[in-house]
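Notes for the one structure printed next.
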Amino acid sequence: MTTSPTEPVPRTSRSAIPSGDETVTAANGAPAVELRAVDKWFGQVHANRRVDLSVSSGTVHGIVGENGAGKTTLMNILYGFYRADRGQILIAGKPVVFRNSGDAIATRIGMIHQHFMLVETFTAVENAMLGAEGSPLLGPAGRRARRKLAELEREFGLQVPMDVPVGELPVGQQQRVEILKALYRGADILVLDEPTSVLSPREVEGLFRILRTLAGRGKTIILITHKLAEIMAATDRVSVMRSGAVVAHRRTADTTVSEIAELMVGRQIRPASRGVPVEPGRSLLDVDRVTVRDSSGVARVHDVSFSVRAGEIVGIAGVAGNGQSELLEALAGLRPVATGRILVDGEPAVSDSRDRRRRGVAHVPEDRRRSGLVMPFRACESAILGYHHDPRYGRGLRLDWPAVSSDTRGRMETFDVRPANPQQRTAELSGGNQQKLMLAREVERATKVLLVGQPTRGVDLGGVEFIHDRIRSLRDAGKAMLLVSANLDEILDLSDWVMVMAGGRIMGKVPAGRAAERDLGLLMGGVRKSDVPDRAP
Amino acid sequence: MEILLAAVVVLDSTLRLATPLILAALAGLFSERSGIIDIGLEGKMLGAAFAAGCVAAVTGSAWVGLTAAIAASVLLALLHGYACITHRGNQVVSGLAINILVSGLTAFLAVAWFAQGGRTPQLPDSARFLSMEWPGADVLDAVPIVGVVYGELLSGHNVIVYLTWLAVPAVALALYRTRFGLRLRAVGENPFAVDTAGVSVSGVRYRALVCAGVLCGLAGAYLALAQSAGFLRDMTAGKGYIALAALIFGNWRPVPAMLACLLFGCLDAVSIRLQGASLPGLGEVPVQLVQALPYVLTVVLLAGFVGRGVAPKAIGVPYTKEG
Ligand SMILES: Nc1ncnc2c1ncn2[C@@H]1O[C@H](COP(=O)(O)OP(=O)(O)OP(=O)(O)O)[C@@H](O)[C@H]1O
Ligand SMILES: [Mg+2]
């Protein structure tokens with residue numbers, strides 16, 4: 001770790017500051033984190049422009065901004081993962097130069113990454129230990145890690161299976177592992193890059209309680225999220241980024257959701273129109289007593305039956321890890337069905353995703369990096385995955401690249417993927433823009449059924465509004481839609497019917513209008529309400 | 001009794017023939033688990049054999065020869081690392097380049113220095129690793145079965161064979177029970193996770209390559225100082241590739257990889273026994289056919305069974321974090 005001048009970097013002050021306090025903090029009066037005129041280029045892309053940011057210790061500081069605004073890049077610079085082209089980082093008033101994340105960790109900075117940094121073949125314990133083993137032999141280190149993780153789980157109510165390779169866990173649980181991993185390392189400055197995108201409301205509450213506690217103990221928290229309600233609920237101050245620059249700082253108490261939204265996009269966000277629901281038609285997707293097992297033979301979905309009719313949206317709510325992901329994958333033909341049948345428009349479908357596509361079923365996977373996109377591909381290659389036989393993209397063995405490219409550009413523009421450059425490598429798009437690219441590929445392809453998992457994961461406000469509009473208009477055009485999301489508001493907003501899954505079973509199906517949040521909460525907890533009808537009338 | 005004796009003889013030579021394969025496969029395990037493809041096992045082994053042959057011939061000491069072998073092999077491993085880790089070069093190309101370079105260079109230098117047609121001088125026994133008889137082998141000889149197993153199978157190998165027996169559990173322990181092993185496995189699966197955990201990706205990978213170098217050094221020294229009495233031109237004869245196949249066949253795990261090596265060694269031993277033998281109904285087995293057996297089996301096994309193997313996810317991909 002190099003510091004200039006030569007003194008070692010002092011620890012952040014631990015004196016607790018009342019949250020929301022105006023005074024800039026720490027023993028020597030310096031803020032816990034200060035970024036001065038930070039600039040970062042990725043080739044032609046100016047990802048951060050002369051960013052100034054100052055975060056007081058003992059506070060929760062929110063950062064908001066549209067997809068591609070440069071939030072992740074900025075935090076990766078603070079975490080030593082990227083190096084700024086220009087500018088300065090000061091920790092507790094002392095200038096520091098981070099050559100790598102190891103240096104940042106040594107300065108007690110921790111980060112929860114938007115794109116999980118997990119080794120999929122490792123268990124939660126091994127992932128938490130990695131880089132913080134404490135001793136050359138794993139035996140004692142593993143026992144220590146297990147104890148500490150168990151404590152953290154109890155203290156913060158974040159349950160995860162400890163001995164299953166994390167690659168086999170659904171995204172919601174992976175998110176918890178990523179959070180536990182950061183808490184395990186016990187940083188003084190903790191950066192959270194969209195930690196709540198696939199958590200259920202109760203888990204989000206739990207996480208915010210943790211953040212409050214940590215801030216109360218003098219830790220400094222930086223929180224990135226697209227959900228402005230979370231900013232209002234959890235932060236003391238908020239900074240707004242737009243196209244790489246920080247355009248405003250506010251005290252959370254002095255601002256409103258609509259002001260932040262306007263600062264973010266530079267225009268007013270109109271409330272989403274609910275559209276005119278059409279009368280549902282015939283059933284397009286029938287699930288008949290389906291049971292799904294995971295790779296180790298454990299049943300994840302038990303004897304589930306329901307149907308989705310043309311012109312309706314059925315939402316599946318539930319705490320992550322209750323079989324929603326497995327059900328969605330089975331419906332998409334990615335996972336074999338152990339028993340039971342799946343009918344598309346009345347015809348039985350085999351477990352094969354190509355078969356589904358032929359039948360007009362499109363699928364937006366929950367995890368864009370794992371099963372949606374190929375990171376090293378150019379955007380136009382990622383944008384035709386699975387649809388490369390489309391005659392628009394060329395005949396016979398030949399792919400017509402100019403046609404692919406211009407088609408992709410059109411899709412990117414419609415879905416507001418920025419930059420709308422079909423030649424950009426997929427990995428170089430920001431998280432939200434990757435999500436939009438995947439939606440752009442799938443959504444229009446659904447001629448009968450659209451299966452969507454976490455559709456707006458990591459997408460900014462304007463994008464969410466647009467995507468919801470699209471999904472509604474597809475519904476109005478008579479498609480059948482099944483929506484799995486950790487975001488209850490999204491489910492209530494979009495769905496005509498809400499089903500709740502707990503322990504691999506459907507606990508109930510209620511019309512969205514009647515679906516009071518409290519009832520859903522009970523159902524999610526596995527309480528079956530007798531007055532809730534099990535199947536749609 | 002006849003059959004037992006024949007079996008023991010075959011098993012005994014299986015152990016001898018499998019030793020360099022096991023060492024090379026373990027070497028490959030280190031590099032490939034860290035995410036670096038290691039086609040260059042062959043070249044590292046050959047370079048090590050040459051260094052061992054030269055230095056043992058000059059100094060008259062097998063141990064100094066062994067040290068030189070390890071040094072040469074580690075240097076080649078570092079060269080591979082410099083090309084693939086530091087400069088993010090193509091790992092297959094770099095490995096092949098090392099194999100071709102070493103094959104040509106050793107033959108050339110051997111001719112230039114020793115003028116014996118591409119070999120190093122015949123080593124006296126004092127400059128080789130000889131088989132070590134375990135105490136009591138001659139006494140137990142009279143006891144049926146136990147005597148043969150003890151005297152022929154367990155006793156009577158050279159020090160590198162015994163080192164290899166130790167190396168397999170040692171590597172397994174290192175891989176699954178130590179901090180280094182954890183980081184090594186992680187870096188081959190997801191280097192980003194290692195980097196953001198504050199651990200240097202290049203550091204772990206270089207260390208893995210050094211381990212690979214040491215093991216290939218042992219393998220090369222075994223060829224030149226134990227199995228033969230000096231270096232012979234291209235004496236590795238594809239063993240590096242077979243070891244790589246065994247590694248893949250063993251799913252990048254130490255014990256299964258060792259078993260695969262023993263299988264290849266056994267085939268080799270059988271094929272040596274079969275040479276000149278005549279089988280009922282077939283007549284004399286053609287030598288070429290017998291010698292081809294291990295290679296045919298490699299292809300069959302790799303084609304037929306390895307489909308389910310799961311390679312380290314990040315293997316072959318140079319680590320870069322910015323576009
Ligand atoms: N490794 C990279 N190589 C090239 N360009 C990149 C790279 N990472 C990010 N970018 C570009 O930098 C800009 C900022 O990206 P960043 O990931 O910081 O956005 P973000 O604010 O985190 O967005 P989101 O809300 O979608 O996560 C984007 O235009 C993106 O395409
Ligand atoms: Mg981001």
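What follows is calculated from the coordinates using simple rules that are stated; it is not laboratory data. Owing to the predicted nature of the structure, the values given are computational and were not obtained by experimental measurement. A quick note on method: Cβ atoms are made from the backbone with ideal geometry, for glycine too, and the neighbour counts reach across all protein chains shown.
Report the far tail of the P(r) of the protein assembly as shown, meaning the percent of Cα-Cα pairs longer than 55 Å.
23 percent
Okay, helix-only estimate at 222 nm for chain B: each DSSP H run of n ≥ 4 adds -39500 (n - 2.57), divide by all residues, round to 500 deg cm²/dmol; what do you get? Numbers along the way, then the final one.
Details: 12 runs with 207 residues, N = 323.
It comes out at -21500 deg cm²/dmol, rounded to the nearest 500.
Quick check for me: using +1 on Lys/Arg Cβ and -1 on Asp/Glu Cβ, what's the dipole size of chain A about its Cα centre, in debye to the nearest 20?
On the way: 73 positive and 63 negative charges, 118 e Å.
Using only the charged Cβ atoms, the result is roughly 560 debye.
Can you tell me the dipole magnitude for the stretch B:18-249 around its Cα centre, using point charges on the Cβ only (Lys, Arg +1; Asp, Glu -1), in Debye to the nearest 20?
On the way: 13 positive and 11 negative charges, 157 e Å.
Roughly 760 debye, rounded to the nearest 20.
Can you tell which of A:VAL247, A:GLY386, A:GLY508 lies farthest toward the positive end of the dipole of chain A, using +1 and -1 charges on the Cβ of basic and acidic side chains (Lys, Arg; Asp, Glu)?
Going by the Cα projections, it comes out as A:GLY386.
Highest first, please rank the peptides A:420-431, A:38-49, A:381-392 by the mean number of other Cβ atoms sitting within 10 Å of their residues. Before the final figure, lay out each step's value.
Values: A:420-431: 19.7, A:38-49: 17.7, A:381-392: 15.7.
Order by mean packing, descending: A:420-431, A:38-49, A:381-392.
Using the Cα gyration tensor of the stretch B:18-249, with a ≥ b ≥ c the square roots of its eigenvalues, what is the shape: rounded (a/c below 1.5), prolate (a/b larger than b/c) or oblate (neither)?
Values: a/c = 2.46, a/b = 1.30, b/c = 1.90.
Taking the square roots of the gyration eigenvalues as a ≥ b ≥ c, the stretch B:18-249 is oblate.
Using a 10 Å cut-off on Cβ to Cβ distances, tally the other chain neighbours for every residue of A:116-123 and report the average as a whole number. Spell out each step's value before the answer.
Numbers: counts 3, 7, 5, 14, 4, 8, 6, 0.
Taking the mean over all residues of the peptide, I get 6.
At R0 = 45 Å, how high is the FRET efficiency between B:LEU105 and A:GLU168 if r is their beta carbon distance? Nearest 0.05 is fine. Before the final figure, lay out the partial values.
Details: r = 48 Å, r/R0 = 1.07.
Calculated transfer efficiency: 0.40.
Quickly rank A:401-408, A:167-174 as a protection proxy: mean count of other C-beta atoms within 10 Å, highest first. All intermediate terms of the calculation are to be shown ahead of the outcome.
On the way: A:401-408: 16.8, A:167-174: 20.9.
Descending packing order for the listed peptides: A:167-174, A:401-408.
Explain nothing, just compute: Karplus ³J(HN,Hα) = 6.51 cos²θ - 1.76 cosθ + 1.60, θ = phi - 60°, for every residue of the stretch A:363-368 in order, whole Hz, x for Gly and Pro.
9, 9, x, 5, 10, 4
Any idea what the dipole of the stretch A:460-517 comes to, in debye rounded to 20, about its Cα centre with Lys/Arg Cβ at +1 and Asp/Glu Cβ at -1? Present the calculation step by step, with values, prior to reporting the outcome.
On the way: 7 positive and 9 negative charges, 86 e Å.
Around 420 debye, computed over the stretch A:460-517.
Principal axes first, then extents: for the Cα atoms of the stretch A:206-256, list largest minus smallest coordinate on each axis, whole Å, largest first.
Rounded to whole Å, the extents work out to 32, 19, 19 Å.
Return the long-range amide H neighbours of A:ARG378 (sequence gap of 5 or more, or a different chain), with a cut-off of under 5 Å between placed amide H atoms.
Those lying under 5 Å, H to H, from A:ARG378 are A:THR426.
Ignoring everything except DSSP H segments at least 4 long, calculate the 222 nm mean residue ellipticity for chain A; use -39,500 (n - 2.57) per segment, divide by total residues, nearest 500. Provide the component values of the computation, followed by the final result.
Working: 16 runs with 161 residues, N = 537.
After summing the helix terms and dividing by the residues of chain A, the value is -9000 deg cm²/dmol.
For B:VAL255 and B:GLN275, what is the calculated FRET efficiency with R₀ set at 41 Å and r taken between the beta-carbons, to the nearest 0.05?
Numbers: r = 31 Å, r/R0 = 0.76.
About 0.85, to the nearest 0.05.
Give me the net charge for the shell around B:ALA27: Cβ to Cβ below 9 angstrom, other residues only, Lys and Arg +1, Asp and Glu -1. Don't skip to the answer; put the middle values down first.
Details: positive: B:LYS44; negative: B:ASP38.
In short, 0.
Note down the net charge around A:LEU284, summing +1 for each Lys or Arg and -1 for each Asp or Glu among other residues with Cβ under 10 Å from its Cβ. Please list the in-between numbers first.
Values: positive: A:ARG282, A:ARG309, A:ARG359, A:LYS448, A:LYS479; negative: A:ASP286, A:GLU312, A:ASP345.
After counting each charged neighbour, the total is +2.
When a/c is below 1.5 the answer is rounded, else prolate if a/b is larger than b/c, else oblate, so apply that to the stretch A:375-444 with a ≥ b ≥ c taken from the square roots of the Cα gyration tensor eigenvalues.
Values: a/c = 1.89, a/b = 1.67, b/c = 1.13.
Prolate is the answer for the stretch A:375-444, as a/c is 1.5 or above and a/b outweighs b/c.
Other chains near B:198-209: what is the mean number of their Cβ atoms within 10 Å of each residue's Cβ? Write out the running numbers ahead of the final one.
Values: counts 14, 8, 4, 1, 0, 1, 0, 0, 0, 0, 0, 0.
That average works out to 2.
As I understand it, the dipole of chain B uses +1 on the Cβ of Lys and Arg and -1 on the Cβ of Asp and Glu, about the Cα centre. Which of B:SER202, B:PHE249, B:ALA174 lies farthest toward its positive end?
B:SER202
Out of all DSSP beta bridges in chain A, what portion is antiparallel? Express it as a percent rounded to 5. Intermediate values should be presented prior to the final figure.
Working: 44 of 80 bridges.
Here the antiparallel bridges make up roughly 55 percent for chain A.
Taking 51 Å as R0, compute the FRET efficiency from the Cβ-Cβ separation of A:ALA338 and B:ILE145 and round it to 0.05. List each step's numbers first, then the result.
On the way: r = 51 Å, r/R0 = 1.00.
The value I calculate is 0.50.
With the cut-off at 19 Å, tell me which of the pairs B:LYS239/B:LYS313; A:LYS148/A:LYS181; A:LYS181/A:LYS436; A:LYS71/A:LYS436; A:LYS94/A:LYS219; A:LYS181/A:LYS219 have Cα atoms farther apart than that.
Long pairs (Cα-Cα over 19 Å): B:LYS239/B:LYS313; A:LYS181/A:LYS436.
Output the peptides A:360-367, B:150-157 sorted from most to least packed, where packing is the average of other Cβ atoms within 10 Å over each peptide's residues.
On the way: A:360-367: 23.0, B:150-157: 17.6.
Ranked by mean Cβ neighbours within 10 Å, highest first: A:360-367, B:150-157.
Per residue of B:183-196, what is the mean number of Cβ atoms on other protein chains within 10 angstrom of that residue's Cβ?
Details: counts 3, 0, 5, 9, 2, 2, 6, 10, 1, 7, 11, 5, 7, 15.
The mean count of partner-chain Cβ atoms within 10 Å per residue comes to 6.
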